[in-house]
Structure formats: C-alpha cells, structure tokens
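Peer 1: The following block contains the structure, expressed as structure tokens.
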C-alpha cells in the first residue's frame, strides 16, 4: 500500500466536512503558516467516498474499476494495430505488468486513466473523427484538479499538434488539415488550466516542483544492468527493435514513447506512462514474434500457455484478496502501528518529529492532539529548508539537531533503522520511553513532560494492544 493513503483519506474528509480547501499547513508545527497548494484535492474527495461507504474494500474496488478503464481504453487503441485476440491479450497483460508497481490507491491512477483516454482521442482524430479533440479541454479541466500528471497530458497534446501539423505540410496535406479542430482545442485546454482553486499559481508551483531533486525511491533512476523493472526494460527493447523499420520512426506517438522511456529511466515513477504510450508499438512487436512462433508451435498450445498465465495471476491475486476479505493490509513490520497504539493508550500528545514516510499516518491517527514535523505532501506543504532539516535528522548527519532546536518539538518517533535513533538514545535532552521491532519513541526531558516521565520511571505506562493488520491500522 502507499504511505500517503492515510493522508489522502484524511484530507478528503477534511475538505468534505469543512466545505473548503485548507489554505495553509494546519497539520504541522514546522510550517503552520506555509501555503498549501493541494493539487490532488478532487482525487482525495473521490477516495474518501468509497472508503466512507465500504472501508478499504471500497478503495480496492475503485482501483480495480480505474484499472479496468485503462485496460479498456488501451484495448480500443491496440485493436486498430493488430487483429489477433491472442496478441491483444498478451500486450495488455504485459502493459499492466509495467503499470502494476505504480498502480496503488493514489492520485496517479487517475492520470493513468486520463492519459489513456487522451491517446485514444488522438488516434480517433487520425482516423477521421476530428471533432473528438473538443473533448480534450473538458478532460483537462477535471484532470488539473485530480493530479499534477495533467502536465504530461498537456505536453503530449502539444507534441501531437505540432507533429501533426508538420507532417501534414511535409506530406503535402497541409491544405487538408482542419486547423480549427486541432488548434482551438489546444487553446481551450491552455485556458482550462486556470480552472482550479489556485488559479495561475498552480503552474509555476508545479514547474518549480518538478525540477527539484528528491531522495525518494520512486524519483530515483532505473539502472540498466540489473533485473529491476524487467517488464519495462524488455518492452522498451521490443519497441525500439521492432520500430527501427517502417513508418513508426516518423510518428508522433513513437517520439512520445521514446520521451516517456527516457523519463522512466530517469525517474522510476514514469514507467506506467511509458507502458500506456508504448502499448500499440508493443502490440506490433508481439504480433511479429507471434507470427514467427506460429509457424513452429501449434496455436492452441500458445493459447493454453496464455490462459495458464492469466489464471495463475487471477488465482494468485484472488487468493490474497480472499484471504484478507478484500481489505488493504497494513504490515505491522513496516508501519508504526504498535507505537501509535502506545501513544493512544497513554494519551501522549504534542508536537511530534516523525520520519517522512510516517507523517500522514500520524496525522490520520492523532490530529489535532498531535501535529507532525513532516509528511508525504512534501513541497506542496513544506518549504525546502524544513525538508532538508528532516533528511539530516533521519540520517543522523552533522546538522541533525536543527530539526529539534529550530522547531518546538516535544516528542520524537524514529524508525529503528534510521541513524538518528542511536543518536537520540545517547542524548541527555531526550528520554527513551518505548521501542518495538519498528519504532522508538523519545520524549524531551523538560519540566512540561515531568508528569509523563514520572509515569515512565514508575512503570505506569500502558503497553500497546496487538496491532490490526488491516487498514487503517
């Protein structure tokens, strides 16, 4: 599951109950006056509705529905390139394998669906339904309020428009190009970008945010010489090798696939976008391989192998969901569920320094009695200097004390694996009061915490209850 899911649900609930968007970072004590540009507000509301009605089962059903929408749109695109149901099935299974690492319950899944729809519009335009592009501005209006990935969609639209115009002039079809049905939707799409709660401020924020270097796993590059992201790497190789001949090199979607592959190698989180763009080229490559194999292997055997693979995936995934009654699992060895229950049992409150990955979990659990030092909203809700102080603190670097000295921190919860845990255990200003296989809890040694510390010394603090393994934990 995604670390930010607690936050998305909490903020969706806050928006619905408050009837407005919080404009500042109310949930943190390190940046309470910092302007919060929540560009995912609509996705958070949509997430909260099924959760409110059906619990985490509703979130799983929503994810499945959005995934089915992506598969359906890609199948409509792929069937224009290949006719074989077998080839289409292999292509879609392969594509979903590329998407699966990033297909969690998070706002990005709306981008995957909307990006698929956008490409479908482009292919329909090429087939003669030119007025279909007038739907793009409406798509952008919704997209811009769901997730910042609308930037990828807008970039694809500009590339499609420029490339189509240049190709029409190069092939002598410029006079036949209906400029109204392609340029007016582009202009309307650009104007629709301001139809969000932050107006024009959203665009410079996203531009600045995209250029930041993040020490987060999904923003790290993909290494060439290992077996990580194997489905993605193999697909990129197939698309390249089987597109070197023919007209593909002169098409806008091939250029878009190359750009998406380069971005994916630079940032892991972009692999799903490559999978979506590359699907029609991947289908053509699979078809060529299929035709070659077909002359050597009986077709029924290939079909049986594909069905066996599909049934294996369905049974494997289905078994996991049935075992857990279609609920999202919170692994107590990955998240501080026991430490959180310890805080609840003993009514420990105050400003809490937390690791980056756990911030939104503690907001969900404790706000407003506890305010956190940071959470997964990152630069949308925190200035860069606060973020840097946190990395130094967690990693135990030379300036690790800045986080505790600059901001009024009363409690510190640390990941057992982080170097700061050992440093705090040696620090006389902090008292270690609890630990488990995942987390440590420290309290500042001050007069305001004397009552709590006395209870700790007299062994009056209550132990946590056995943690639940199901969301929200």
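The values are calculated or read from the model by the stated rules, or taken from the named source; none is laboratory data. Note that the coordinates shown come from a computational prediction; the quantities given were computed from them, not determined experimentally. Positions of Cβ are generated from backbone atoms using ideal geometry, with glycine treated the same way; all protein chains shown enter the neighbour counts.
Peer 1: For the list (1) out of contact with any helix residue (DSSP H, G or I) (no Cβ under 8 Å at 6 or more places or on another chain); (2) in the same structural domain as residue 350 (by TED's automatic domain parsing); (3) over 30 Å from residue 211 (Cβ atoms), I need the number of the one condition that residue 469 fails.
Peer 2: It is condition (2) that residue 469 fails.
Peer 1: Also: Give the residue, chosen from 76, 13, that is assigned to a helix (DSSP H, G or I), free of Cβ contacts under 8 Å to residues at least 60 places away in the same chain, surrounded by fewer than 19 Cβ atoms within 10 Å (Cβ to Cβ) and outside the structural domain of residue 283 (by TED's automatic domain parsing).
Peer 2: Numbers: 76 fails: outside the structural domain of residue 283 (by TED's automatic domain parsing).
None of the others qualify; the one that does is 13.
Peer 1: Hey, another quick one. If I filter region 440-455 down to residues being more than 13 Å from residue 348 (Cα to Cα) and in contact with a strand residue (DSSP E or B) (Cβ under 6 Å, 6 or more places away or on another chain), which single residue comes out as surrounded by the fewest Cβ atoms within 10 Å (Cβ to Cβ)?
Peer 2: Filtering first and then ranking leaves 445.
Peer 1: To continue, here is another question. Consider residue 375 carefully, then state whether it is touching a helix residue (DSSP H, G or I) at 6+ places or on another chain (Cβ under 7 Å) and part of a loop (DSSP other than H, G, I, E, B).
Peer 2: yes
Peer 1: Looking for something farther than 28 Å from residue 46 by Cβ and either in a loop (DSSP other than H, G, I, E, B) or modelled with pLDDT of 95 or more (or both) - is there at least one such residue anywhere in region 116-125?
Peer 2: no
Peer 1: Also, quick follow-up: Please work out if residue 64 is in a helix (DSSP H, G or I) and either crowded, with 16+ Cβ neighbours inside 10 Å or touching a residue at least 12 places away in the same chain (Cβ under 8 Å) (or both).
Peer 2: no
Peer 1: Still on this structure, I have one more. Which of the residues that make up region 404-414 are under 29 Å from residue 208 (Cβ atoms) and surrounded by 14 or more Cβ atoms within 10 Å (Cβ to Cβ)?
Peer 2: 404, 407, 409 - these are the residues of region 404-414 that are under 29 Å from residue 208 (Cβ atoms) and surrounded by 14 or more Cβ atoms within 10 Å (Cβ to Cβ).
A quick yes/no check of all residues on (1) surrounded by 15 or more Cβ atoms within 10 Å (Cβ to Cβ); (2) closer than 18 Å to residue 29 by Cβ; (3) in contact (Cβ under 8 Å) with a residue 12 or more places away in the chain:
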| position | (1), (2), (3) |
| --- | --- |
| 361 | yes, yes, yes |
| 389 | yes, yes, yes |
| 402 | yes, yes, yes |
| 425 | no, no, yes |
| 457 | no, no, no |
| 472 | yes, no, yes |
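Peer 1: Any residue in region 212-232 that is assigned to a helix (DSSP H, G or I) and over 29 Å from residue 8 (Cα atoms)?
Peer 2: Taking every residue of region 212-232 in turn, at least one turns out to be assigned to a helix (DSSP H, G or I) and over 29 Å from residue 8 (Cα atoms).
Peer 1: Just to be sure I understand, how many residues within region 363-386 are buried (at least 19 other Cβ atoms within 10 Å of the Cβ) and either within 10 Å of residue 30 (Cα to Cα) or under 21 Å from the mean Cα position of the chain (by Cα) (or both)?
Peer 2: Number of matching residues: 12.
Peer 1: Consider region 396-413. How many of its residues are in a loop (DSSP other than H, G, I, E, B) and under 24 Å from residue 366 (Cα atoms)?
Peer 2: 4
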